[in-house]
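J.: The structure follows.
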Amino acid sequence: MPDLHIDLDISDARIEAFLSENNAKEQDENKHLSFDVVRRNALQSFNDMQACPGSGKTTLVASKLVILAKEWHAKHQGLCVLTHTNVACYEILSRLGAHPSGVKLTSYPHFIGTIQEFTNKYLGLPYIRSNGLPVSRIDDDVCERYMRGIAARGTLTYLEQKRASLFSLKIDHVTGEINIPGFTSASQSNSYKDLQRVFRNRLNRGLFFYSEMYHFAKQAIAENKVLSEALRNRFPIVILDEMQDTQQFQDELINSIFQHDNVKLQRFGDPDQAIFDNMGGGEPNQSFNSKEGLAVVSHTHRFTRDIASKVKGLSIRQIGVITARDVPQEPLPHSVFIFDDLTKVDVIEQFSKLVAQCDPDEKWAAVKAVGATEGEGGHISAYWDGFDKNRSPKGPKPQTLFEIVSRDWRRCDRHSQKQYKFLVQGVLDLLRISQTTDSRHDPARYFTASSLKSWLIEVARYNEFRALITSWIFNGPPDETEWSSQVSKLRALLAVTSTSEDTNSFLSFSDQALAEGEESSILNMYIAANGRQIEVGTIHSIKGETHDATLVLETKNHQNDLEQLLDHISGIEHGAISGVRKVRFARLLYVATTRPRHLLCLAIHSENVSDAQEQALSDNGWDIKRLTPKVGS
């Protein structure tokens, strides 16, 4: 139970005191914070909340945390705030860091991080170490690369023939069984035995898949009956953000610990925006996304009422029209571009002309064109062949140490401690690639962050190492000459003698990496004839963003997404959306269409729009723009 040093009662007086203090810092009254009845209920209760797009959910969560922190005096009990992604975690931390009372929530006894981080820190890692296994790295890609490097050639050939992957050679987090890819039962074959060897070697090297940590977490709880009680005592208040994207196995784990009378558990999210909930093959959660009677924050600060009326049909939860900002005196022409096979490549260019018309003073900074599916054929690249799914700043992981140093990851992680850990992990990757091991105890054992630190202290090199890492944080990426000098210094500090192709490649300098680090936001930038810049990307890549104008491109995944939902967008159909694929399309399109502050546009193939639908779209306030082929094309 919460002790006497924790005041859980958030009274109206405490809310008003917070608002008064917060708004006193802001001279522009239009930016003053206020809470309506629903938001006050979210602050004063621990009821689950559905927050519509642009409703200020992060502000609401951070405000509640600050109000609680002001009267939080317990020394060994803390708030636990869990998110689905690092970006959401950093957003909350940055809000708290701007408030004196919020700062203290960023350290012991409190925890703010992802569900994965919580699982690793308090459950999985302690269990692994207590069973005598080392821990070097929790990373899916590292695990797969290591196993591929030690698997026999015949084993790899067998897996290719079976269309199986080493990525599946891991402990099933649901059943606890070791999955041997390419086999449905035990076998005496050489490939089966080799895969068993590869699996054992990976564990003995301390390399684990992310999902395996949930298996170890469940084992820790099952084998230590007081563990859950200890965590409940440590964290009497738990708040989950981005609950819509939490997978079922994550949800079940958290509920097994914190769904208890002694814990105040509150969840924030939007089931209508659940586009990440089953990524990686996991089933989506049901306890939140299918819960009836969720309290709804249905007022947005982002878009206007005319946009709200156009997207309401995409709400799976059917929350109705979102209360939104007033429509400007001269309403903007929210448009549907109807194209054919010849004019598909003209869609983004025509959108740029409309943007220029609506924003003649070029005040709009965020103008984007997005689609659900990346790739070739009927996908995003069919609209613009310059689109490259691998050049997204939110996309692939850095492949070299210089990429780690130079990439624009600082923009979403402003906390130097987190940056330091990120860079140290890059150094650990270097040691693994170069086969530089911790020979003090076991010549075959890789370094961990803690063992590397202890070794550097032993050989009196830790201060120099720390100074080098810190310089990358505060000084940014070096030029080629300076990088060469730093690599030589790093090799000497770490006793890295390998000159293998893999080692040299990982330590190489790259002008492209430097350019991407400085200009990552324009990697997929379409430059229109009128000079307008339109960033092109996937809907997944723009989750949580706010744009000035957004163009939603029809894409195909078995079926055309806009075609399947056009009756709901046009207002012809008002009932519930059903069918697994249709529901998924609706959630993706709902995320995409609720990004813009000002202008919303759609692009759909002429074969996928009937005359009745076109008329209904027009009646619902959409401008219809049929594209015609250029003369001579």
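J.: Out of (1) modelled with pLDDT under 90; (2) out of contact with any strand residue (DSSP E or B) (no Cβ under 8 Å at 6 or more places or on another chain); (3) farther than 30 Å from Ser541 by Cα, what's the single condition that is false for Arg95?
T.: With respect to (1) modelled with pLDDT under 90; (2) out of contact with any strand residue (DSSP E or B) (no Cβ under 8 Å at 6 or more places or on another chain); (3) farther than 30 Å from Ser541 by Cα, Arg95 is out only on (3).
J.: Quick one: which residue in Asn22, Asn47, Asn41 is surrounded by 13 or more Cβ atoms within 10 Å (Cβ to Cβ) and within 30 Å of Ala230 (Cα to Cα)?
T.: The unique qualifying residue is Asn41.
J.: Would you mind finding the one in Thr119, Thr58 that is touching a residue at least 12 places away in the same chain (Cβ under 8 Å) and under 27 Å from Phe208 (Cα atoms)?
T.: On inspection, the qualifying residue turns out to be Thr119.
J.: Continuing with the same structure: Can you pull out the residues in segment 183-196 that are open to solvent by less than 80 Å² (accessible area, probe 1.4 Å), without any contact (Cβ under 8 Å) to a residue 24 or more places away in the chain and not polar (S, T, N, Q)?
T.: Phe183, Tyr192
J.: Would it be correct to say that Leu82 is among the aliphatic types (A, V, I, L, M), open to solvent by less than 40 Å² (accessible area, probe 1.4 Å) and under 30 Å from Gly293 (Cα atoms)?
T.: Taking the combined requirement at face value, the residue satisfies it.
J.: Now for a separate question. Taking helices (runs of 4 or more DSSP H) that do not extend beyond segment 428-509, which have at least 1 residues that are aliphatic (A, V, I, L, M)? Let's see the steps before the verdict.
T.: On the way: elements: 449-458, 462-475, 480-494, 501-506.
Passing ranges, in order: 449-458, 462-475, 480-494.
J.: Mind listing whichever residues of segment 253-274 are part of a helix (DSSP H, G or I) and crowded, with 19+ Cβ neighbours inside 10 Å?
T.: Listed by number, the residues that qualify are Leu253, Ile254, Ile257, Phe258, Pro271, Asp272, Gln273.
J.: Quick one: Lys312 ticks every box in (1) open to solvent by 80 Å² or more (accessible area, probe 1.4 Å); (2) in a loop (DSSP other than H, G, I, E, B) except a single one, so which number is it?
T.: (2)
J.: Can you tell me how many residues within segment 93-122 are open to solvent by less than 60 Å² (accessible area, probe 1.4 Å) and more than 22 Å from Arg232 (Cβ to Cβ)?
T.: The number of residues fulfilling the criteria is 7.
J.: Return the residue satisfying two criteria in turn: it lies in segment 202-232 and is of a type in the set (S, T, N, Q) and modelled with pLDDT of 95 or more, and of such residues it is least open to solvent (accessible area, probe 1.4 Å).
T.: Out of the qualifying residues, it is Ser228.
The values are calculated or read from the model by the stated rules, or taken from the named source; none is laboratory data. Note that the structure is a prediction, hence the values are computed from the model and not measured. As a convention, Cβ positions derive from the backbone with ideal geometry for all residues, glycine included, and neighbour counts pool all protein chains shown. With ligands, DNA and RNA removed, areas are computed over all heavy atoms of the protein, side chains included. Shrake-Rupley method; radii C 1.70, N 1.55, O 1.52, S 1.80 Å.
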